[in-house]
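Heads up, the thing below is written out as structure tokens.
None of the figures in this text is laboratory data; all of them are computed from the coordinates on show. These figures come from a predicted structure and were not determined experimentally. For neighbour counting, all protein chains shown are included, and Cβ atoms are generated from backbone atoms with ideal geometry for every residue, glycine included.
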Amino acid sequence: MDYTQKMMQADALKGKTIVVTGGGSGLGKAMTTYFLELGANVVISSRNQEKIETTARELEAQTGGKVLAAPCDVRHYDQVEALVKQANETFGSVDILVNNAAGNFISPTERLSSNAFDTIIDIVLKGTKNCTLAFGKHWIEQKQTQKVVLNIVTTYAWTGSAYVVPSATAKAGVLAMTRSLAVEWAKYGMRFNAIAPGPFPTKGAWDRLLPGNLKEQFDLAKKVPLKRVGAHQELANLTAYLVSDFSAYINGEVITIDGGEWLKGAGQFNLLEDIPEELWDMLEAMIRAKKGS
Ligand code: COA
């Protein structure tokens, strides 16, 4: 057994319809693939119609599942309402919403125009709000229950992070929304959770977060106590579990999957890892010599 294996039982998502925003590429595509393998119908949305059509046909051929490619810019509420309508018309109802669509790039904050800051907030925070509100209202109006919303956040939603300030600001808002609605909308039969992934390399994210030779200069695997980046299937396994009925009692939780990355940055003395083994005898002797003084 290794961590790249598929975790869930074969029919874990049979009969479910799942909307994955930004499902045409990267981690969204990895999740979508696994959802299909587990028996779900999946709606993938993106601004790029051609990309999601190509992905939809590829994944249908690969898994035998059904995929609807629905063009939608999550920044616009009217387009999200159209997504709700199209998904319901195609599959009858929607059971699960995965708010995965995101936008991000590294930049010193003082270099950002007001519009650049807004663009990230609009995709990440407003986009998640738009989808959550549109699907949530629909489920409440139709008195449909046993619904799940899963939000993809990041560990810097609570630590903050320099150089990705709009993203950190927006993801913090998404996390607050997750926890707030987990309580408020539980009475309507919805549960809300979030996943905070550490480094899971994808072309889209890496080209924007580690452009050029930054990939070699800042090897993110070195920042992780487990000394590796994540495998897409590991994330897909966790995602599938959290949207499935097996996690029915998990609500309002954010689950970090980062090999211990953010805690390594947080602990005051964690940098002592750099002290070579042979130095510890000397250090211990120095500390013991202080006894009573
Ligand atoms: N540095 C500074 N400002 C930047 C920038 C950069 N690297 N890239 C874009 N901007 C600014 C633009 O100049 C523009 O501001 P302005 O109108 O004041 O000039 C603003 O951001 C919007 O850019 P635009 O290209 O018009 O927006 P878009 O909606 O077409 O693209 C992005 C949105 C910028 C987030 C784009 O990277 C994208 O589409 N990303 C989606 C996927 C993604 O980010 N994945 C990674 C997730 S980790």
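Laid out as a table, the results:
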| read-out | value |
| --- | --- |
| Identity of the residue in segment 1-56, of a type in the set (Val, Ile, Thr) and in contact (Cβ under 8 Å) with a residue 60 or more places away in the chain, that ends up farthest from Thr132 (Cα to Cα) | Thr4 |
| Residue match in segment 139-155 (condition: within 13 Å of the ligand (Cβ to nearest atom) and farther than 24 Å from Tyr241 by Cα) | no |
| Test: Trp158 is touching a helix residue (DSSP H, G or I) at 6+ places or on another chain (Cβ under 9 Å), more than 16 Å from the ligand (Cβ to nearest atom), of a type in the set (Phe, Trp, Tyr) and without any contact (Cβ under 8 Å) to a residue 24 or more places away in the chain | yes |
| Hits in segment 114-155 (condition: under 19 Å from Phe192 (Cα atoms) and hydroxyl-bearing (Ser, Thr, Tyr)) | Thr128, Thr132, Thr145, Thr154, Thr155 |
| Any hit, segment 101-120, residues being aliphatic (A, V, I, L, M), touching a strand residue (DSSP E or B) at 6+ places or on another chain (Cβ under 6 Å) and in contact (Cβ under 8 Å) with a residue 24 or more places away in the chain | yes |
| Hits in segment 226-256 - residues which are assigned to a loop (DSSP other than H, G, I, E, B), under 22 Å from Trp206 (Cα atoms) and touching a helix residue (DSSP H, G or I) at 6+ places or on another chain (Cβ under 7 Å) | Lys227, Arg228, Val229 |
| Residues that are away from the ligand (no atom under 15 Å from the Cβ) and either in a loop (DSSP other than H, G, I, E, B) or within 15 Å of the chain's Cα centre (by Cα) (or both), drawn from segment 181-225 | Trp185, Gly189, Phe192, Asn193, Ala194, Asn213, Phe218, Asp219, Val224, Pro225 |
| Within segment 85-118, considering residues that are crowded, with 23+ Cβ neighbours inside 10 Å and not in a strand (DSSP E or B), the one farthest from the ligand (Cβ to nearest atom) | Ala87 |
